[in-house]
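This report refers to the structure that appears directly beneath it.
The values are calculated or read from the model by the stated rules, or taken from the named source; none is laboratory data. Model, not experiment: these values are computed from the prediction. Quick reminder, even Gly has a Cβ in these numbers, built from the backbone with ideal geometry, and neighbours come from all protein chains shown.
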Amino acid sequence: MSKIIDWHSHWIPERVLDLLSKRSTQPRVVRNSQGERVVLAQPWAKLEGSRSLIHEWHDIELRLRQLDKAGVDQQLLSWPTTNQVDAFLPAEDARLIWAAYNEELSKVVEKHGDRFFGVAMLPTSDIAWAAGELEHAHRELGLIGAVLPVGGFQTLEAARLFAPIFEVAQKNRSHIYFHTGPANPAIPGQPVNRPHPENDVPLIRWSLDTGASFAAAAVTLTQTGFLDAYPDVTVQFAMLGGSIPFLAESIELRAQGLHSVASLTKTSPRERFRRVYFDSGVIGRGPRALELGVKAFGADRILFGTDFPPIPTLETTVKAFDQADLTHEERELILFGNAQRILDSKSPAPAAIA
């Protein structure tokens, strides 16, 4: 292998943890009985049973050692929208916290530009401010784009509310990363955001819900023509686009001869899906799922992702990738080639490892 670039990882700076710790209502950060910090975002979230934040979430020097140990050369840093903090933050607080996050991320990128590049976190409660912050992220902070929650893009009506962000993104050739989680409740068309009962296999239900949410957003962005107005924006979906790899063939077959689809696009659904990139993330740790993603979209549309740090060690994820039945050329594209093509299209591009 030449290089490994990880497109799915998260980071939370101490400054943001401190800001969330000062909040008296959720979303906030609290400490459990062991003194470990825990993010409680949803109004119904409870401290008991919540996962604590391990040091890899915020310790950059520790993360660098982890990267070296696993042989990962570069990593995209993003806010973990999975924790749903943005969905429940008032707009005033969201502006303050996400501005702080983006500033701290900029410092990491400036100091370790050969190892990290980053995307800004934008509030979904104030789209106008978010568009201005994306401009600031490009012009002043050295970031390459933004992360947005897939929950805000379940329908074309909802996606159109984000047009101000995408107009800025087009001007700056942004990279927009779609990750797990809901948007602000004011965004229409979102699935009901509620916990599953403990006796109803909640983790499995969550996987089903998440896969469907990703699939709906991928359809919105690729099949409706929404992205046609933004040809210079690169788009990435986490987790192989959820259930889309499993549905791509069915969508293609059902679309054949349907005038409702033909009237929207001049290309097949499969070709429209190739407008975006899909990272392997947590789903891609299963070799069969990764192979299916390659067959559905082509290796030139897949990015390597680890979903680090909540997922096991970087080394474990790299080894799982090695188990997939892929050609040498496909591996090179997924691990490095596709990533470098995206980075070369950014202005200015992050430093690449020679």
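General remarks:
- Hey, residue 116 under 18 Å from the mean Cα position of the chain (by Cα) and either over 20 Å from residue 239 (Cβ atoms) or among the polar types (S, T, N, Q) (or both) or not: yes
- In a residue-by-residue description of the range 330-346, the property of being β-branched (Val, Ile, Thr), in contact with an Asp or Glu (Cβ under 6 Å, 6 or more places away or on another chain) and either at pLDDT 95 or above or crowded, with 16+ Cβ neighbours inside 10 Å (or both) applies to no position.
- Applying a threshold of 6 Å to beta carbon distances and a minimum spacing of six or more residues, or different chains, the list of pairs starting in the range 236-250 at a residue that is at positive phi and ending at one that is at pLDDT below 90 and part of a helix (DSSP H, G or I) reads 239/283; 240/283; 240/284.
- Residue check, residue 294 of a type outside the set (Gly, Ala, Ser), under 17 Å from residue 237 (Cβ atoms) and not in a loop (DSSP other than H, G, I, E, B): yes
- One residue from 182, 188 being buried (at least 16 other Cβ atoms within 10 Å of the Cβ), modelled with pLDDT of 95 or more, assigned to a loop (DSSP other than H, G, I, E, B) and not β-branched (Val, Ile, Thr): 182
- Residue selected from the range 63-115 under the condition surrounded by fewer than 24 Cβ atoms within 10 Å (Cβ to Cβ) and aromatic (Phe, Trp, Tyr), by the criterion nearest to residue 165 (Cα to Cα): 101
- Members of the range 260-304 that are at pLDDT below 95, of a type in the set (Gly, Ala, Ser) and either surrounded by 24 or more Cβ atoms within 10 Å (Cβ to Cβ) or touching an Asp or Glu at 6+ places or on another chain (Cβ under 9 Å) (or both): 268, 280, 281, 284, 293, 296
- Looking across the range 37-72, the residues that are β-branched (Val, Ile, Thr) and either touching a residue at least 60 places away in the same chain (Cβ under 8 Å) or part of a helix (DSSP H, G or I) (or both) come down to 54, 60, 72.
- The residues in the range 141-171 that are in a helix (DSSP H, G or I) and either in contact with an Asp or Glu (Cβ under 7 Å, 6 or more places away or on another chain) or of a type in the set (Ser, Thr, Tyr) (or both) can be counted, and the count is 2.
- Among the residues of the range 15-25, not a single one is assigned to a helix (DSSP H, G or I), closer than 14 Å to residue 116 by Cα and touching an Asp or Glu at 6+ places or on another chain (Cβ under 9 Å).
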